[in-house]
Amino acid sequence: MREFDRIFNQIYDSTYRATLIYVTAKCHNTEDIADILQETYTELYTVICRRGADYIKDTGAFVRKIAKSKVYRHYSFFERIRNNMSINEIEDVFSEDGFDLENAVIDKLTVEEVDRHIFSKPQITQKIFCMYFSLDMTISEIAKALDVKESYVKNKLYRTLGELREMEDLK
């Protein structure tokens, strides 16, 4: 393994979870999280290859700075697209992949039904579900990351879970 790859893997392993939480909290749309993370770590790898590991003093702060920049650029790019393209053209270019909840909230519902319901919710609810079920974050950790009260997180989470249970009962 090349030295650059080893260093990158160490930084990636030590910063990924915090970066994922940061990007999830700052994204306007949960569907953008994977793209922004990929762009962040691609830039990190480029910096390591070009400037070396000694260029980076505080790896956590450095990766967070890249992620912040990528979030900003991503949304400014989409604003420019939105102003110059119709909604149908945008949908043709950027298709939806769906929200992957490996541990389905309700056994009888298919992942697609859960996805459809979660994606019909406001972005804050989507973020809460992503952080709670995909990142295994606690309610207090989610509240802190999103800068909201714990009662707000509980309300969004439990209300949506109740709606999913009602959907199951209608089957």
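The values are calculated or read from the model by the stated rules, or taken from the named source; none is laboratory data. Computed from a predicted structure; not experimentally measured. Here Cβ is always computed from backbone atoms with ideal geometry, including for glycine, and neighbour counts include all displayed protein chains.
Before moving on, here are some points about what is shown:
- Any hit, the stretch 51-64, residues being in contact with a His (Cβ under 6 Å, 6 or more places away or on another chain), hydrophobic (A, V, I, L, M, F, W, C) and at negative phi: no
- Hits in the stretch 134-147 - residues which are closer than 14 Å to T24 by Cα and either among the aliphatic types (A, V, I, L, M) or within 12 Å of the chain's Cα centre (by Cα) (or both): S134, L135, M137, I142, A143, A145, L146
- Selection count where residues are of a type in the set (A, V, I, L, M, F, W, C) and either surrounded by fewer than 19 Cβ atoms within 10 Å (Cβ to Cβ) or not in a helix (DSSP H, G or I) (or both), scope the stretch 123-142: 4
- Filtered residue count, the stretch 11-41, keeping only those that are touching a residue at least 40 places away in the same chain (Cβ under 8 Å) and hydroxyl-bearing (S, T, Y): 6
- Qualifying residue in the stretch 129-137 (condition: farther than 22 Å from S14 by Cα and modelled with pLDDT of 85 or more): yes
- Condition check for I90: modelled with pLDDT under 55, of a type in the set (A, V, I, L, M, F, W, C), assigned to a helix (DSSP H, G or I) and over 17 Å from the mean Cα position of the chain (by Cα): yes
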